[in-house]
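Chemist: My questions will all concern the structure given below.
Values quoted throughout were computed directly from the atomic coordinates according to the rules given, and no laboratory measurement underlies them. On a predicted model such as this, the values are computed, not experimentally measured, just so you know. Cβ placement follows ideal geometry from the backbone for every residue including glycine, while neighbour counts extend to all protein chains displayed.
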Amino acid sequence: MKRGFNLINLLTHLLLTTLLLLALCFSSLCLAQSQPRKTILENGLTILTKENHSSDIVALEVFIKVGASAEDEEKAGISNFIQELLLSSKEEIIGEIESLGGIIDTTVSSDYAELFLLLPSEYFSKAFKLFSELLKTPKFDPEEIERKRKIILQQIKAEEDELFDSTYNLFRETLYQGSPYHKPVLGYKETIEGIKREDLLNFYKTYYVPNNTIISVSGDFITEELIKEIEEHFKELKSGQLPLRQIKRPKEQTEHQEVIKERESESAWLILGFPAPKAKSKDYPALKLIDCILGSEMSSRLFVNLREKLGLAYEVGSFFPSQRDAGHFATYIITSPRQIDKVKSGIIWEIAKLKQMAVSEEELEEAKKCLLGTFIMDHERNKKQAFYLGFYELLGVGYLFDEEYPQKIEAVTSLQIKRVAQRYFQNYTLAVIMPGGK
């Protein structure tokens, strides 16, 4: 075990050295790129652009500021339903875009619905004209709606069969009681079965409007020409009257809460976490570093102490999703059913140490290198650069946050880490799925 631990340390140091070299290269590369620019059209459409002529690729993201958190309980899953229909309603357009070397995809989260386009810059104008039609004139064909309904119901069943997804959904349902963030993106069997074509049309007309949309683009283009092109295709769309966004806060948690379900499984799956702030919080950078220190890397405390030293985990880690409103910080572990109590105590002890003892300067510096190295590698492609421009604008921290992120991480101190851990890691929520079902 000790030999394996030393090997992990060696590999970790090699990785950090590589990431540091990448950071130096990244700084030089940034000088060759233009600064991001924000333009708002008369109808309220937000356009974010960043020229990058290092390759002949253009990446475009469309964010609609609506997701599972904006849905009525009885219409849970309708955002995802619409996104699925947008890509299937005009298959001939998808085929034309793909024939030009384009890649098109869609995703939905609690905070947004996203459409993505990536292709060679020489074909961008032709492909974007086709792409805009997907957004502006969806068919919502009754037969296609029923076909997609069956597919989504199959996806819901598949998600229920996946033990991590089931544990995470159980965790969210428990943590976010009273808040729309408790809902899974796919919705529920009952809600998907009950959604009508009229519901889809009304939701689309309400939220898929210019003043609720962000288009972010990174790649090989001239900004002024691109903005004119986008305006040409979307200028006829009128801004809409958006419903007032009122996100209920989760039920205040005054004590620990635990929920256990039995399933057919050989292992036990645990997620233990806490309510956490939204991305706009001043504590956001510190929590990103805590995630790195505690569980998101192979050199993290949970991995080293619970898996490598004590042998309590098959898999262990942590995550801190960036969210527009109510956030959460979570740890997860897959273990033997016999070890559940030991694992739970081990996680709680590691969290307690963060609250009681300041992180050493050496460990904090290693975490910063690792986090910023990952950030740099994540930004090597235009797709991610376009994504983060729109993503941070949508979250409310502004499109320039992506440029400021490294400085914010570097500014975090050991005392801040301790203070933030004390503030947010109080009453935990524990979700467990363990063997026992038939």
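Chemist: Tell me, what HN-Hα J-couplings in whole Hz come from the Karplus equation 6.51 cos²θ - 1.76 cosθ + 1.60 at θ = phi - 60° for each residue of the range 185-193, using x for Gly and Pro?
Modeler: 4, 6, x, 10, 3, 5, 6, 5, 5
Chemist: Given points 7 Å out from each Cα along the Cα-Cβ axis, report the residue 407 to residue 378 separation in nanometres with one decimal.
Modeler: Taking the two extended label points, one gets 2.0 nm.
Chemist: Then there is this: Lys/Arg Cβ at +1, Asp/Glu Cβ at -1, dipole of the range 253-435 taken about the Cα centre: which of 425, 386, 303 is farthest positive-ward?
Modeler: Of the listed residues, the answer is 425.
Chemist: Moving to a separate point now. Output ³J(HN,Hα) for the range 292-303: one whole-Hz value per residue in order, computed from phi by the Karplus curve 6.51 cos²θ - 1.76 cosθ + 1.60 with θ = phi - 60°, and x for Gly and Pro.
Modeler: 5, 5, 7, x, 8, 10, 5, 8, 6, 5, 5, 5
Chemist: Could you work out how much longer the chain between residue 239 and residue 355 gets when fully extended? Use 0.36 nm per residue separation minus the Cα distance between them, nm to one decimal.
Modeler: Gain in length upon complete extension: 37.0 nm.
Chemist: Given a Förster distance of 41 Å, report the FRET efficiency between residue 103 and residue 264 from their Cβ-Cβ distance, rounded to the nearest 0.05.
Modeler: Efficiency for this residue pair is about 0.60.
Chemist: Compute the signed sum of charges (Lys and Arg +1, Asp and Glu -1) over the other residues within less than 12 Å, Cβ to Cβ, of residue 355.
Modeler: +3
Chemist: Going toward the positive end of the dipole of the chain, with +1 on Lys and Arg Cβ and -1 on Asp and Glu Cβ, which of 237, 226, 284 do you reach last?
Modeler: Toward the positive end, the furthest listed residue is 284.
Chemist: Around residue 434, with a cut-off of 13 angstrom between Cβ atoms, what is the net charge of the other residues, counting Lys and Arg +1 and Asp and Glu -1?
Modeler: -1
Chemist: Another one. I'd like the per residue volume of the convex hull spanned by the Cα atoms of the range 253-435, given in cubic angstrom.
Modeler: 129 Å³
Chemist: Alpha carbons only, please: Rg and Dmax for the range 356-438, in angstrom.
Modeler: Just the Cα atoms of the range 356-438 yield Rg and Dmax of 17.6, 52 Å.
Chemist: Continuing with the same structure: Once amide H atoms are placed 1.01 Å from N in the peptide plane, what residues at a sequence separation of 5 or more from residue 276, or on another chain, have their amide H within under 5 Å of its amide H?
Modeler: Long-range HN contacts for residue 276: 327, 328, 329.
Chemist: Roughly how big is the chain's charge dipole about its Cα centre, with Cβ charges of +1 (Lys, Arg) and -1 (Asp, Glu), in debye to the nearest 20?
Modeler: 1440 debye
Chemist: Calculate the spin-label point distance for residue 202 paired with residue 162, positioning each point 7 Å from the Cα along the beta-carbon direction, and give it in nanometres.
Modeler: For the pair residue 162/residue 202, the computed spacing is 3.1 nm.
Chemist: Charges only on Cβ, +1 for Lys and Arg, -1 for Asp and Glu: so what's the dipole of the range 32-234 about the Cα centre, in debye to the nearest 20? Provide the component values of the computation, followed by the final result.
Modeler: Values: 22 positive and 38 negative charges, 75 e Å.
With only Lys, Arg, Asp and Glu charged at Cβ, the dipole is about 360 debye.
Chemist: So in the chain, what percent of DSSP beta bridges are antiparallel if you round to the nearest 5?
Modeler: Counting only bridges with both partners in the chain, antiparallel ones make up about 75 percent.
Chemist: To the nearest µm²/s, what D does Stokes-Einstein give for the range 32-234 at 20 °C and 1.002 mPa s, using the Kirkwood radius over alpha carbon pairs as Rh?
Modeler: It comes out at roughly 118 µm²/s.
Chemist: Here is a further query. Could you give each residue of the range 412-417 its phi-based ³J(HN,Hα) in whole Hz, using Karplus coefficients 6.51, -1.76, 1.60 with θ = phi - 60°, and x for Gly or Pro?
Modeler: 5, 10, 4, 5, 5, 4
Chemist: Using +1 at the Cβ of each Lys and Arg and -1 at the Cβ of each Asp and Glu in the chain, identify which of 337, 171, 85 lies farthest towards the dipole's positive end.
Modeler: Ranked along the dipole, the leading option is 337.
Chemist: Also, quick follow-up: Rounded to a whole number of µm²/s, how large is the Stokes-Einstein D of the range 47-107 at 20 °C and 1.002 mPa s, given Rh as the Kirkwood radius over C-alpha pairs?
Modeler: 151 µm²/s
Chemist: Still on this structure: Compute the angle between helix 2-31 and the longest alpha-carbon principal axis of the chain, please, reported from 0 to 90 degrees and rounded to the nearest 10.
Modeler: 30 degrees
Chemist: Sticking with this one: Using just the Cα positions, wrap the chain in a convex hull and report its mean projected area in square nanometres, one decimal place.
Modeler: Its Cα hull, projected and averaged over all orientations, spans 22.0 nm².
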